[in-house]
Structures are given as C-alpha cells and as structure tokens.
1. Name the residues in region 67-100 that are outside any helix (DSSP H, G or I) and in contact with a helix residue (DSSP H, G or I) (Cβ under 8 Å, 6 or more places away or on another chain), would you?
2. Taking SER116 as the residue in question, decide whether it is among the hydroxyl-bearing types (Ser, Thr, Tyr), exposed (fewer than 14 other Cβ atoms within 10 Å of the Cβ) and assigned to a helix (DSSP H, G or I).
3. Tally time: how many residues in region 119-150 are part of a helix (DSSP H, G or I) and modelled with pLDDT under 95?
4. What's the total number of residues in region 102-137 that are at positive phi and aliphatic (A, V, I, L, M)?
5. Provide a single number: the residues in region 65-97 that are over 17 Å from ASP48 (Cα atoms) and crowded, with 17+ Cβ neighbours inside 10 Å.
6. Give the residues of region 161-174 that are surrounded by 19 or more Cβ atoms within 10 Å (Cβ to Cβ) and hydrophobic (A, V, I, L, M, F, W, C), sorted by residue number.
7. Just one of LEU177, LEU149 is of a type outside the set (Gly, Ala, Ser) and either surrounded by 19 or more Cβ atoms within 10 Å (Cβ to Cβ) or in contact (Cβ under 8 Å) with a residue 24 or more places away in the chain (or both); which is it?
8. Pairs only if they're at least six apart or on different chains, beta carbon under 6 angstrom, first in region 107-125 and farther than 17 Å from VAL41 by Cα, second in a helix (DSSP H, G or I) and acidic (Asp, Glu); list them, first residue then second.
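The values are calculated or read from the model by the stated rules, or taken from the named source; none is laboratory data. Bear in mind that the values here come from a model prediction, so they are computed numbers and not experimental data. All Cβ positions, even for glycine, are placed from backbone atoms using ideal geometry, and neighbour counts span all protein chains on display.
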Amino acid sequence: MTIKSFARVAVMAAIGFLPAALPGAETTTVRQAALERESIVLIDQIEDVARAVHYNTDALTSHGRTNRSKWTHNHHLNEIKVLINEGLGPAVNRLTEIQSEMPEWKQKTIDTMLDSARALAADTNSAIQKMNENGGAPVVLNDEYRALLDNMDEHAEKLVRTADAAGDYAAAHRQALEAGLELPKHQ
C-alpha cells in the first residue's frame, strides 16, 4: 500500500466517522436550546408567582396596620402557601435540575432566586405559625408576625426583580443570536 493509498483510506475512515459525530453535536445544541427556552418559561413562571405573592403580602401588610379579621389574614396566607407549593416549588425544582446545563450567569441568577424562594417559604411557614399562635389577639399587636410579612414582601420583590431581569436578558440574548449578531462569549 502506497502512502497515497494509505492517506485515502485514512480520509475515508475519518469521513465515515463524521456522520456519527455530527448528530451528537447537533443533539447537544438542540437540547441546549430546548433547555434555554424551558428555563425562560420557568423564570417567567417564577416571576408571575412572585408577583401574586407580592400582591398578597401587600394586602397582609396593609391589613396588619389595621385590625382586620383573622380570617382575612388566614385567607391571604393560604393563598401564598398555595402559590409557593403549586407554582413556585415545581418551577424552582425544575430549574434546579437543569441549572448545571445553563450558562454561568444564569446559574448564579438561579442561585439568587433559590435563596429568595427558600427564605420566602421559611418566612411564610413562620408567619402561618405566628398567626396560629396569636389566638384571638389583634394582629396589629403581633410585631413578629408583621415583621415576617415585611420579610415575605421583600423576598417576593427580589424574586420579581431577579426573574424579570434574567428573563429580559435571556430574551434579548436569544433575539440577538437569531438576528445573526456576533456576541461576546459571556459567563
């Protein structure tokens, strides 16, 4: 076998391997794009839930300054609990599952959202406990409960701001790529 023949065989062998390699790379790109789109949907969901929680915490904070009924407080606390358990929890859990496959900036953003979501859930549990322990005493006199409401409101606001910024950034980045703009590699 001559060197020329050997070179042809080597090139043919390499070409034979190309189709097997390219679909794997394409699948990774397709999977990455699908995960990116899914993460945007999940972040939007977190933002929507956080806005609804913020609405309820605002109502509770307002009611905490007056002597509204215990039923009103329990109603809003239950609404927040349902929003966290059925809206925020599943979205946060799925984001956690795919977090390692996201760009570094989005991983850090997800960490920030996770911290806020955990703090929101913990303060909501504490607020529910304080409300149950309060008995028949007026809410306006329960400083610990009112402080927890303020904390819950802050966590919900932070979730809204973080999710909004991340969603806007991801959407702008995707649009730039779709428009064919060359973007600097970001972490």
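1. Scanning region 67-100 gives ASN67, ARG68.
2. Details: among the hydroxyl-bearing types (Ser, Thr, Tyr): yes; exposed (fewer than 14 other Cβ atoms within 10 Å of the Cβ): no; assigned to a helix (DSSP H, G or I): yes.
Spelling it out, it is not the case that SER116 is among the hydroxyl-bearing types (Ser, Thr, Tyr), exposed (fewer than 14 other Cβ atoms within 10 Å of the Cβ) and assigned to a helix (DSSP H, G or I).
3. At the first step, the residues of region 119-150 found to be part of a helix (DSSP H, G or I) are 119-133, 139-141, 143-150.
Right, trim to modelled with pLDDT under 95 and you get 127-133, 139-141, 143-150.
The total comes to 18.
4. 0
5. Here is the first cut: in region 65-97, the residues over 17 Å from ASP48 (Cα atoms) are 65-75, 77-78, 96-97.
If we keep only those that are crowded, with 17+ Cβ neighbours inside 10 Å as well, we get 68, 73, 77.
Count: 3.
6. Quick first cut of region 161-174, residues surrounded by 19 or more Cβ atoms within 10 Å (Cβ to Cβ) only: 162-163, 166-167, 170.
Scanning region 161-174 gives ALA163, ALA166, ALA170.
7. On the way: LEU177 fails: either surrounded by 19 or more Cβ atoms within 10 Å (Cβ to Cβ) or in contact (Cβ under 8 Å) with a residue 24 or more places away in the chain (or both).
Of LEU177, LEU149, the one residue that is of a type outside the set (Gly, Ala, Ser) and either surrounded by 19 or more Cβ atoms within 10 Å (Cβ to Cβ) or in contact (Cβ under 8 Å) with a residue 24 or more places away in the chain (or both) is LEU149.
8. Note: no pairs meet the criteria.
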